[in-house]
Amino acid sequence: MEGRLQGDPGPPGRPPVRLRLVAAAIVVSGLLGSAAVGAIEVLPRVEDGIARDSGLTSAERRHAAGDRLGLDPAPFDAFDAQLRPRERYAVDVPPGAKGPFITRGAVVRAYSAFFFLPAIQVQRADRVFRYRFR
C-alpha cells in the first residue's frame with residue numbers, strides 16, 4: 001500500500017481523484033438544475049406578479065428607472081423604435097452636472113445601455129443616440 005506506514009490501520013489521507021470528480025459533477029449538475037428550474041418556473045411567475053401587483057402600466061414600468069433619474073423618456077422611446085436587436089449604436093451626451101460619484105452624462109450612457117437592450121452600445125457606430133439635458 002503506497003503512502004502508508006506498515007501497520008497503520010487508518011484509511012489513506014485523501015480520497016481518490018475519481019471521487020472528487022464525481023462529487024464536483026454532482027454539485028455542478030445540481031446548480032445547473034436549480035438555475036434551469038428558476039428560469040423556467042420562477043422567473044415567469046415573478047414577472048407576472050410584478051405586472052399584476054405593481055399598479056403601473058407597461059410603459060410606466062419600462063420608464064420607472066428613467067423617471068427616478070429625472071430623464072426625459074421621449075428621446076429614449078423615439079430611438080428605441082428605430083433599433084433592431086444586436087444593432088450597434090453609440091451615445092452622444094454632454095457630461096452634464098457632476099454628482100457624488102459620476103456625471104449625469106455617464107448616468108445617461110449607463111441607462112441607455114440597459115434601456116436599449118438587446119441592442120449593443122459601442123464607442124463609435126453609424127447609429128447615434130443623442131441626449132440633451134432639459
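Only a single criterion out of (1) charged (D, E, K, R); (2) surrounded by 11 or more Cβ atoms within 10 Å (Cβ to Cβ); (3) under 18 Å from the mean Cα position of the chain (by Cα) is not satisfied by Glu47, namely (2). Listed by position, the helices (runs of 4 or more DSSP H) enclosed by region 35-84 that each have at least 1 residues that are under 19 Å from Ala110 (Cα atoms) are 58-62, 64-69, 73-80.
Just one of the listed residues (Arg86, Arg109, Arg68, Arg62) is at positive phi and within 20 Å of the chain's Cα centre (by Cα), and it is Arg86. Among the residues making up region 87-128, those that are assigned to a helix (DSSP H, G or I) and either in contact with a Pro (Cβ under 6 Å, 6 or more places away or on another chain) or open to solvent by less than 70 Å² (accessible area, probe 1.4 Å) (or both) are Gly105, Ala106, Val107, Val108, Ala110, Tyr111, Ser112, Ala113, Phe115.
The values are calculated or read from the model by the stated rules, or taken from the named source; none is laboratory data. In this text the structure is predicted, and so the values were computed from the model without any measurement. Please note: Cβ atoms are built from the backbone with ideal geometry, for glycine as well, and neighbour counts cover all protein chains shown. Note: accessible area is taken over every heavy atom of the protein model, side chains too, but ligands, DNA and RNA are not part of it. Shrake-Rupley method; radii C 1.70, N 1.55, O 1.52, S 1.80 Å.
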